[in-house]
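Readers should treat all values here as calculations from the given coordinates under stated rules, not as data from a laboratory. No experiment lies behind these values; they were computed from the predicted model shown. Note: ideal-geometry Cβ built from the backbone for every residue, glycine included; neighbour counts use all protein chains shown.
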Amino acid sequence: MPPQSPLHNVIIIGSGPAGLTAALYTARANLQPLVIEGLEAGGQLMLTTLVENFPGHRDGIMGPDLMGEMRLQAEKFGAELVQAYVTDVDLCSQPFTVRTSDAEFKARSVIVATGASAKLLGLPAERTLMGRGVSTCATCDGYFFRGHEIAVVGGGDSAMEEAVFLTKFATKVTVVHRRPTLRASKIMQDKARANGKIAWMLNSEVEEIKDGGTGQVTAMSVRDNSTGVLTDIPVTAVFVAIGHTPTTKLFRGQLEMDANGYILTHDGTKTSIPGVFACGDVQDHVYRQAITAAGSGCMAALDAERHLDGVPEHLQTT
């Protein structure tokens, strides 16, 4: 059996903007939080190059640098960070139990900040060119492609919304969708089709994203599913908008979720279990911004602090 640690006031699962902000606020409240970072410490911003829309950084900051600063700030005020991956949780009895592959932790409260991951096409270049022309967030990166020709991959509401948004910057936006018809709602389809800057490649799939040896996106190769013909389209960016997957597998059967697996919260960041809170992209499928994740991390910390005011300091752990 893995060794047990002392009873913690709060365990934070996840170390993106939401988790580290929750860590900062709970640490400053003298709650001595334990942060279990997860496999992808730092969250999605670790795959981002320049972040220009995080308040306080007028010249921008590299995604990994921003997360490094947030991590150091949380540690400065007393947060303990563990580089481990949570394998199991028991949220149905107090104190809560959080297990990793080599340890077991007990806590009076838990903040879930495990985030969500963007679905990708599965092309080799997606990872290598992420942040270098490949993006999963138009709001984050659209500005960098002012005056360029770019592409959006997807056929749902999110893809239409991103395509329309990107026309504010790009001279042309080519929408690529693998089916002959779009999945988006009629109102979103009508809005996109009415935009003269949007071109359409339906019943088509991106076969390759190319960089021409530059380290930046220069073109995409698109296959027509009807004819099999490959066409190279010169673009400087490919925005993948085929959905997100919340990292909530650990909590199935314990926390209430919506049909897509996002944790349901109420009255701030409270979940269906008192003492368990959720913040960031794991419960937000609308905004998905670093700043909104950080804001909800602050909310979760304050909610946890208020909750702990009414919970005995020494819970039975056996």
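Treating the beta-carbon of each Lys and Arg as +1 and of each Asp and Glu as -1, no other charges, what is the dipole magnitude of the chain about its Cα centre, to the nearest 20 debye? About 700 debye. Using the Cβ-Cβ distance between E205 and F165 with R0 set to 25 Å, the FRET efficiency works out to roughly 0.60. Listed by chain and number, the lysines placed with their C-alpha closer than 22 angstrom to that of K249 are K106, K119, K270; residues fewer than eight positions away on the same chain are left out.
When K76, K191 are sorted by how many other C-beta atoms sit within 10 angstrom of their C-beta, beginning with the fewest, the order is K76, K191.
3J(HN,Hα) along region 172-188: 7, 10, 9, 8, 10, 9, 6, 9, x, 10, 7, 8, 5, 5, 4, 5, 6 Hz, from the Karplus curve 6.51 cos²θ - 1.76 cosθ + 1.60 with θ = phi - 60°, whole Hz, x for Gly and Pro.
For region 36-96, the Kirkwood hydrodynamic radius from C-alpha pairs, put into Stokes-Einstein at 25 °C and a viscosity of 0.890 mPa s, yields a diffusion coefficient of 181 µm² per second.
Checking the a/c ratio against 1.5 first, then a/b against b/c, what shape does the Cα gyration tensor give for region 120-240? Can you show the working numbers first?
Details: a/c = 1.70, a/b = 1.16, b/c = 1.46.
It is oblate, given that a/c is not under 1.5 and a/b is not larger than b/c.
In plain terms, the residue of I209, I187 with the fewest other Cβ atoms within 10 Å comes first and the most crowded comes last, giving I187, I209. Report the FRET efficiency, 1/(1 + (r/R0)^6), for K191 and V286, where r is their Cβ-Cβ distance and R0 is 22 Å, rounded to 0.05. FRET efficiency, K191 to V286: 0.80. Using a 4.7 Å Cβ-Cβ cutoff, the cysteines of the chain lacking any partner cysteine are C92, C279, C298.
Considering only T167, M188, G213, and ranking their Cα positions along the charge dipole of region 120-240 that arises from unit charges at the beta-carbon of Lys, Arg, Asp and Glu, the one farthest toward the positive end is M188. Please identify, among G42, G196, G280, the residue showing maximal mean-square fluctuation in a Gaussian network model of the chain using a 10 angstrom Cα cutoff. So, out of G42, G196, G280, the one fluctuating most is G196. Near D59, within a Cβ-to-Cβ distance under 15 Å, what is the net charge of the other residues, with Lys and Arg +1 and Asp and Glu -1? Surrounding charge for D59 is -2. Based on DSSP, what percent of beta bridges with both residues in the chain are antiparallel, to the nearest 5? Around 45 percent of the beta bridges assigned by DSSP in the chain are antiparallel ones.
Please give me the summed charge of the neighbours of R306: other residues whose Cβ is under 12 Å from its Cβ, Lys and Arg +1, Asp and Glu -1. So the surrounding residues net to -3. If you take every residue apart from K197 with its C-beta less than 12 Å away from the C-beta of K197, what net charge results, scoring Lys and Arg +1 and Asp and Glu -1? Its environment carries a net charge of +2.
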